[in-house]
Structures are given as structure tokens and as C-alpha cells.
Amino acid sequence: MVWPGEPLRLELPYTRMAMVALAFVPRPENILAIGLGGGAIPMFLRAVLPDTHIDVVELDAAVVDAAKAHCGYQEDALLRTHVADGRAFIEADGPPYDIIILDAYGADQIPGHLCTREFLGAVRARLTRGGAVVGNVWESAANPHFDAMVRTYQVSFHGLSLFEVPASTNRILVGLEGPSKLTREALVERARRVERELGLPFRLSTLVAQRYRPLTRRLARGRVLTDAGLGPGGLIPEE
């Protein structure tokens, strides 16, 4: 849900939780978002980070047109949209990013080729040193691959944190390019500083304090998702 003309109004709870990326990387110079939807996340970031370059990749040109026509989405010199497959864009030559946000959905699931170890390895290779990837997934019966997705993130990044989204089955996964020793207290303090410096209209620090689930051990359940394990059409077979 997007409110045209009100970029600071993040209506969906998962979009607010996704801003935890700014606690891990407080001053990003370059951000990439895979998946546009109505444009709420890139428009919010454009508003609170006026000097940051933001690239958005969206597979469906009709989604871009609808976001512009109905949701107030606007491009400018620092916010650019690319109509392309997210994986193809990631794997092509291009600049590194401080934050990469993965928020791409098919009709009823995340496309399988955007969940594998090979894809996440390519994502990590496009991060700057100290960069972070943010993945929006859901933990429910509708996603039988949740454990596998978490485990695949764990083997693809140096560290992984999970944030539960209030009143939702959405989960925000944050994978890091390199090792980090951030404690819960330090992360909450960073979130509090980001709130103050960027003028966030919600309590990111409270969300972090209440919803942070550190994943210090690799899951024993779930399989690592690979390109070789994808089924016809790039779908993940039922577990």
C-alpha cells in the first residue's frame, strides 16, 4: 500500500522493518532494490537519504507504469528504474552497492532463481565492503521453503540476522558481506541514531529491540537451495 505524495508513510509493516538495513549501513552511498511493487521502499529511501543513489530493478514494465500512474513513483537523477530480471542485473557488470534489498515476488512466491546459493553468492559479490543484503521472506505454511531459504542465506553470507515483522508472517533477513560483531545493544543504539539523524517517522530502535532474532548457529533443518535443484520453469520443488 502506497500513499501518493507521502513518501515517509510506510504503511506495510515489513517495509518499516526492512529499514533495519540503515542500522547495519547508516550512510549508504548506493542502494539497489530488486522488485518495485508500488515503489514505497525506494521512495522512502529517496526522501530520507537525499544524496544516495538508488537503482530499482523490476521485471514487469507494467508494474513500473502502474507505480508511476497510481502511486506517485517518480524517477530522477538519483533514483533510476531498470526493467530487467533481477538476477540478470545482479550478474551483469556493474557498480557495487552498500545495501541490496531483495523484495521480488512472482504470482504467489519468490522466484526460485532468486533464492539459490548461486544467486545469493552473486548478490554478495555486488556488495561493498561492510555492505548488507536485506531479504523479505515469509514464515508460514504458504512457504514450505522457509527453513531452506534461511539456511541458504546462512551459507551465503558471513553473518545472518532475522527480524520478525509485527502482526505478519513476513521475516526480514539481513546478510552481511563480511564478519560483524554487532550486539543487540549496539544495533539498537545504531537504530536510535538513525531515527534521530534521518528523522524517521517510526521507532526503528523499538522494532529492533523487540523483533531481533540472531542466528548464530546454522539451521540443521532445510536444504541449501541450488540452481541444480530447481524444477521446470525455475520453480523450487515442494519439500
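The values are calculated or read from the model by the stated rules, or taken from the named source; none is laboratory data. All values reported here derive from a predicted model rather than from experimental measurement. Note that each Cβ is placed from the backbone with ideal geometry, even for glycine, and that neighbours are counted across all protein chains shown. Side chains included, ligands, DNA and RNA excluded: accessible areas come from the protein's heavy atoms. Shrake-Rupley method; radii C 1.70, N 1.55, O 1.52, S 1.80 Å.
Selection over the range 214-239 of residues that are modelled with pLDDT of 90 or more and either under 16 Å from PHE163 (Cα atoms) or open to solvent by less than 80 Å² (accessible area, probe 1.4 Å) (or both) gives a count of 4.
For the range 99-137, which positions are farther than 14 Å from TYR153 by Cβ and in contact with a Lys or Arg (Cβ under 7 Å, 6 or more places away or on another chain)? Within the range 99-137, just HIS113 meets the criteria.
The set of residues from the range 189-207 being in a loop (DSSP other than H, G, I, E, B) and touching a Lys or Arg at 6+ places or on another chain (Cβ under 7 Å) comprises just one member, PHE202. Considered as a group, the residues in the range 127-145 that are of a type outside the set (A, V, I, L, M, F, W, C) and out of contact with any Asp or Glu (no Cβ under 9 Å at 6 or more places or on another chain) include one that is least open to solvent (accessible area, probe 1.4 Å), and that residue is ASN143. Scan the range 169-188 for residues that are open to solvent by less than 70 Å² (accessible area, probe 1.4 Å), in a helix (DSSP H, G or I) and either more than 27 Å from ILE110 (Cβ to Cβ) or touching a Ser or Thr at 6+ places or on another chain (Cβ under 7 Å) (or both) and jot them down. Those that are open to solvent by less than 70 Å² (accessible area, probe 1.4 Å), in a helix (DSSP H, G or I) and either more than 27 Å from ILE110 (Cβ to Cβ) or touching a Ser or Thr at 6+ places or on another chain (Cβ under 7 Å) (or both): ALA186, VAL188. Here the condition is being assigned to a loop (DSSP other than H, G, I, E, B), modelled with pLDDT under 95 and more than 19 Å from MET17 (Cβ to Cβ); of PRO166, PRO144, it holds for PRO144 alone. Among the residues making up the range 48-69, those that are under 18 Å from the mean Cα position of the chain (by Cα), open to solvent by less than 70 Å² (accessible area, probe 1.4 Å) and aliphatic (A, V, I, L, M) are VAL48, LEU49, ILE54, VAL56, VAL57. Test ALA40 against the stated conditions and say whether it is in contact (Cβ under 8 Å) with a residue 24 or more places away in the chain, closer than 23 Å to GLY222 by Cβ, surrounded by 15 or more Cβ atoms within 10 Å (Cβ to Cβ) and touching a helix residue (DSSP H, G or I) at 6+ places or on another chain (Cβ under 6 Å). Criteria not met by ALA40. Small (Gly, Ala, Ser), closer than 19 Å to GLU177 by Cβ and either open to solvent by 10 Å² or more (accessible area, probe 1.4 Å) or modelled with pLDDT of 95 or more (or both): does that describe GLY72? No. Annotation: of all residues in the range 88-128 being in contact with a Phe, Trp or Tyr (Cβ under 7 Å, 6 or more places away or on another chain) and among the charged types (D, E, K, R), the one that is farthest from ASP227 (Cα to Cα) is ARG126. Of the residues making up the range 209-221, just one is within 21 Å of the chain's Cα centre (by Cα) and either small (Gly, Ala, Ser) or at positive phi (or both), namely ALA209. Taking the criterion of being open to solvent by less than 70 Å² (accessible area, probe 1.4 Å), under 20 Å from the mean Cα position of the chain (by Cα) and not hydroxyl-bearing (Ser, Thr, Tyr), the residues of the range 191-208 that qualify are ALA191, VAL194, GLU195, LEU198, LEU200, PHE202, LEU204, LEU207, VAL208.
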